[in-house]
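Below is one structure, written out as structure tokens, with a few remarks after it.
The values are calculated or read from the model by the stated rules, or taken from the named source; none is laboratory data. Just so we're clear, the structure is a prediction, and the values are computed from it rather than from any experiment. Cβ placement follows ideal geometry from the backbone for every residue including glycine, while neighbour counts extend to all protein chains displayed.
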């Protein structure tokens, strides 16, 4: 299932998309507030294989390659994945040259809409590194509220839950 915003399309990664995935997750600047640093190609490959399995498990959730609509250039990733109990986690990352252009706002709007339409019984959460002020500001605009603070994957993180307006 493809998720389309005014300027991007999000389509699940497939076997031929490793280079596009690696460009994002191996980038130190992109991954600074996600994992502390970019992954090695070997680590990226391991994560890529796992996400391909996730992408086969459901039509309604997965890990998506984000591309510009006009050029079809891959610029990042987005995810809607099961978390704990009745929760779905959304997440995203864009290459630095696409930051601060409003693309993330479009992506979050689309992911929330998708979750409400196809996974209405699930709570929507986001997990953000405590230092990632940019993501926290954007998620606050969408009425995500911190409900828990804890170390997650070796980083101090804030857990935010989406609440309807």
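Quick notes
- Taken together, 47, 65, 79, 101 contain a single residue that is assigned to a helix (DSSP H, G or I) and either loosely packed, with under 12 Cβ neighbours inside 10 Å or at pLDDT 95 or above (or both), which is 47.
- Taking the conditions (1) modelled with pLDDT under 95; (2) farther than 14 Å from residue 3 by Cβ; (3) part of a loop (DSSP other than H, G, I, E, B) in turn, residue 59 satisfies each one other than (2).
- Residue 151 closer than 22 Å to residue 28 by Cα, free of Cβ contacts under 8 Å to residues at least 24 places away in the same chain and assigned to a strand (DSSP E or B): yes
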